[in-house]
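Contents: one structure, followed by commentary.
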Amino acid sequence: MLAPPLRQQATHPAQPRPIVSIGAGGIVRNAHLPAYRKAGWRVASVFDLDRARADAVARDFGIPRACSDLDEAVSTAPPGAVFDLALPASAILGVLAALPDGAPVLIQKPMGENLAQATAIRAVCRQKKLAAAVNLQLRFAPNMIAARDLVSRGLIGDLHDVDVRVTCFTPWHLWKFLYGIPRMEIVYHSIHYVDLVRSLLGEPAGAWCKTLKHPDMMELASTRTSIALDYGDVRRANIATNHGHRFGTRHQESRLKLEGTRGAVVVQMGVNLDYPRGMPDGLEYCLIGDGGPPAWTSVRLEGSWFPDAFIGPMASLMRFASGESADLPTSVEDAWRTMAVVEACHASSDGGATPIPS
């Protein structure tokens, strides 16, 4: 059984706004700016604490202004500009305080490194009446939009099983700021999957979790995680990640599996495999509504997580800020709920396992 053509792209704003990039690191160069260039949006200026890095990004992407400091980035921003914050979580609060009241702002995930920081970020956004969203962009990858389309149209029936499994080797040394912080893997990586599960199944009642170190990466707080989210006695949601698989790509995996009462979907997230080169994204589905034997259909994708997914959060923010849409899917209010689940995961991990009766 074949599904009709699936949606794969976020809706673009009718009148795009200029963008001011606060940060010029690897994620900006490799994802934000390529996505905005692909969408045809104008980046007006860029600022980074490393002026040479900001100059290089401005030169390579044709950005007319590289700012010397944050005050210049704010004071020279075009009217209605969106501030795109690509910063470590610890730097978010200070930058938000410097932005104009009421400004649209897209905050790179995570929304702080713990729930207390997320709550403080939310409070500043409320106080300054910022139109603020968090760049939880996995929701907007073409294969994820297509998978959600299959679910929302009821094509796989009632969704009752969500399983994320990532076994790969991630070169964490590319992000020096991750070393020495008390929380790492869930906050900076698995948060994507927690947020994705929430967007599919709603709010879980609780979480069981263990996040732990790898013997070859002891300087990092954690690089492997197992999470089970509580959705009652029928719906299952599991997330398992291992970023220390150094044994080549043959048995690496990076996939989401959805099972419903009338079908299933398997999605490959290729960027995790052989990072940073990555492998292709993928999507297959199986529908059993016609009563025939199970058969899987591959979908030709119109892009990939990197960089295409980074179009989605910015597009939805621009549309919300201009009044084109009343919906802001990754608003700070919604992202706070994702951070609340992350906090529960850490509390579960710290609390330890249930003792085995003797």
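The values are calculated or read from the model by the stated rules, or taken from the named source; none is laboratory data. No experiment lies behind these values; they were computed from the predicted model shown. Cβ sites come from the backbone with ideal geometry, for glycine too, and all protein chains shown count toward neighbours.
Answer with yes or no whether V267 is in a helix (DSSP H, G or I), surrounded by 21 or more Cβ atoms within 10 Å (Cβ to Cβ) and in the same structural domain as L229 (by TED's automatic domain parsing). Full working, then the answer.
Working: in a helix (DSSP H, G or I): no; surrounded by 21 or more Cβ atoms within 10 Å (Cβ to Cβ): yes; in the same structural domain as L229 (by TED's automatic domain parsing): yes.
Considered against the rule, which asks whether it is in a helix (DSSP H, G or I), surrounded by 21 or more Cβ atoms within 10 Å (Cβ to Cβ) and in the same structural domain as L229 (by TED's automatic domain parsing), V267 comes out as no.
Among the residues of segment 249-261, count how many are in a loop (DSSP other than H, G, I, E, B) and modelled with pLDDT of 95 or more.
So the first thing to find is which residues in segment 249-261 are in a loop (DSSP other than H, G, I, E, B), and the list is 249-252, 261.
Still in the list and also modelled with pLDDT of 95 or more: 251-252, 261.
The total comes to 3.
Can you name the condition, by its number, that L283 falls short on among (1) aliphatic (A, V, I, L, M); (2) under 23 Å from E259 (Cβ atoms); (3) in contact with a His (Cβ under 7 Å, 6 or more places away or on another chain)?
Going through (1) aliphatic (A, V, I, L, M); (2) under 23 Å from E259 (Cβ atoms); (3) in contact with a His (Cβ under 7 Å, 6 or more places away or on another chain) one by one, L283 breaks only (3).
Could you check, for segment 233-243, whether at least one of its residues is free of Cβ contacts under 8 Å to residues at least 60 places away in the same chain and surrounded by fewer than 19 Cβ atoms within 10 Å (Cβ to Cβ)? So that I can check it myself, show each step before the final result.
Going residue by residue through segment 233-243, those that are free of Cβ contacts under 8 Å to residues at least 60 places away in the same chain are 233.
Filter once more, keeping what is surrounded by fewer than 19 Cβ atoms within 10 Å (Cβ to Cβ): 233.
Yes - at least one qualifying residue is present in segment 233-243.
Restricting segment 139-158 to residues that are over 21 Å from W305 (Cβ atoms) and in contact with a strand residue (DSSP E or B) (Cβ under 8 Å, 6 or more places away or on another chain), which is surrounded by the fewest Cβ atoms within 10 Å (Cβ to Cβ)? Quick ask: steps written out before the conclusion?
In the first step, residues of segment 139-158 are kept if they are over 21 Å from W305 (Cβ atoms); the result is 153-158.
From what's left, in contact with a strand residue (DSSP E or B) (Cβ under 8 Å, 6 or more places away or on another chain): 155-158.
Numbers: L155: 20, I156: 24, G157: 16, D158: 12.
Only one residue tops the list, namely D158.
Considering only segment 173-180, I want to know if a residue exists there that is modelled with pLDDT of 95 or more and surrounded by 22 or more Cβ atoms within 10 Å (Cβ to Cβ).
Checked segment 173-180: no residue is modelled with pLDDT of 95 or more and surrounded by 22 or more Cβ atoms within 10 Å (Cβ to Cβ).
For every residue, the table says whether it meets (1) more than 21 Å from R126 (Cβ to Cβ); (2) surrounded by fewer than 20 Cβ atoms within 10 Å (Cβ to Cβ); (3) in contact with a strand residue (DSSP E or B) (Cβ under 8 Å, 6 or more places away or on another chain); (4) not polar (S, T, N, Q).
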| site | (1), (2), (3), (4) |
| --- | --- |
| E324 | yes, yes, no, yes |
| V332 | no, no, yes, yes |
| R337 | no, yes, no, yes |
| S358 | yes, yes, no, no |
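Does segment 92-103 include one or more residues that are part of a strand (DSSP E or B), surrounded by fewer than 22 Cβ atoms within 10 Å (Cβ to Cβ) and touching a residue at least 60 places away in the same chain (Cβ under 8 Å)? Break it down into steps so the answer makes sense when it comes.
Taking segment 92-103 as the starting set, the residues that turn out to be part of a strand (DSSP E or B) are none.
No; the residues of segment 92-103 include none that is part of a strand (DSSP E or B), surrounded by fewer than 22 Cβ atoms within 10 Å (Cβ to Cβ) and touching a residue at least 60 places away in the same chain (Cβ under 8 Å).
Please find, among R122, R165, R126, the residue that is under 30 Å from L301 (Cβ atoms), not in a loop (DSSP other than H, G, I, E, B) and not hydrophobic (A, V, I, L, M, F, W, C).
Criteria check complete, one pass: R165.
For P5, all conditions in the list (1) closer than 30 Å to S298 by Cβ; (2) surrounded by 15 or more Cβ atoms within 10 Å (Cβ to Cβ); (3) of a type outside the set (D, E, K, R) hold save one; what is the number of the exception?
(2)
Scan L258, L220, L196 and give me the residue that is among the aliphatic types (A, V, I, L, M), under 19 Å from N114 (Cβ atoms) and crowded, with 17+ Cβ neighbours inside 10 Å. First the steps, then the outcome.
Details: L258 fails: under 19 Å from N114 (Cβ atoms); L196 fails: under 19 Å from N114 (Cβ atoms).
Checking each option against the conditions leaves just L220.
Take segment 1-32 and flag every residue that is out of contact with any strand residue (DSSP E or B) (no Cβ under 6 Å at 6 or more places or on another chain), closer than 24 Å to C67 by Cβ and either free of Cβ contacts under 8 Å to residues at least 40 places away in the same chain or of a type in the set (S, T, Y) (or both).
Scanning segment 1-32 gives a single hit, R29.
For segment 288-307, check the following and say yes or no: at least one residue is outside any loop (DSSP other than H, G, I, E, B), more than 24 Å from L159 (Cβ to Cβ) and touching a Lys or Arg at 6+ places or on another chain (Cβ under 6 Å).
Taking segment 288-307 and keeping what is outside any loop (DSSP other than H, G, I, E, B), we get 296-298, 305-307.
Those still in the list that are more than 24 Å from L159 (Cβ to Cβ) too: 306-307.
Adding the requirement that they be touching a Lys or Arg at 6+ places or on another chain (Cβ under 6 Å) leaves none.
No; the residues of segment 288-307 include none that is outside any loop (DSSP other than H, G, I, E, B), more than 24 Å from L159 (Cβ to Cβ) and touching a Lys or Arg at 6+ places or on another chain (Cβ under 6 Å).
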